[in-house]
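The block underneath contains the structure these notes are about, expressed in structure tokens.
Each reported figure results from applying straightforward, stated rules to the coordinates on display, with no laboratory input. Bear in mind the structure is a predicted one, so any value in this text is a computation, not a measurement. Cβ sites come from the backbone with ideal geometry, for glycine too, and all protein chains shown count toward neighbours.
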């Protein structure tokens, strides 16, 4: 679970109680589709071209996407203009192998010059079933896209990766927590951009991103108690859909 030391990033960003990486916030297909189509986005000509390409991309990954939906009982696909250039990005979770025991997170954008899609981000094992599982949150600010994830149970690693609006990695924050058998205490270590840091510096850096969050694109945050409620849960949430709902949605807006 996300430990106290991440109170301001992912513990505070995601109060974690592992439950097979399933999300309690996943809605029924019809409900998700209804909410999404009620706020159908207005697309430019380039946006419509992008949607057509995303539809092809979605169909080509059908088996991998639906594998994640079946294994993790979660919605998988989203469409959102991450960098505010007027053309939405397409993001989704797909199985890393036919067993669908783990999932990879992808973000694709549309290249107007090439009239094709470009893979911008690929993060493997953002969800997986073995070794303590995981919890994650993907969210944006006006200047960044962030992916936070935590893995392990008694010993945990929480990492937040920061990308700029060109989808270039330009920062990372890591918290490791391990059990000290001698003292029976948890030992926490903090890192900012790969360099050891203290908790104050770590918390301050991550809190800025949490405060500036403008949209949560996807998450499987589990809330154990009111005290552990994540600040991200009060932020706007993008509509995440399963394969069939996303396909219907793309057809509707294209």
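Distance from the Cα centroid of the stretch 233-254 to that of the stretch 86-155 is 16 Å (rounded to whole angstrom). Net length available on complete extension from residue 207 to residue 251 is 12.0 nm, with 0.36 nm assigned per residue and the Cα-Cα distance removed. Subtracting the Cα-Cα distance of residue 195 and residue 41 from their residue separation scaled by 0.36 nm leaves 51.3 nm. Packing, taken as the mean count of other beta carbons within 10 Å per residue, orders the peptides 44-50, 212-218 from highest to lowest as 212-218, 44-50. Put simply, when 118-125, 79-86 are sorted by average Cβ atoms within 10 angstrom per residue, most first, you get 79-86, 118-125. Between residue 84 and residue 223, the contour length at 0.36 nm per residue exceeds the alpha carbon distance by 47.0 nm. What the Cβ-Cβ distance of residue 101 and residue 122 gives, at R0 = 25 Å and to the nearest 0.05, is a FRET efficiency of 0.90.
In terms of its C-alpha gyration tensor, the stretch 105-254 comes out prolate, because a/c is 1.5 or above and the ratio a/b outweighs b/c.
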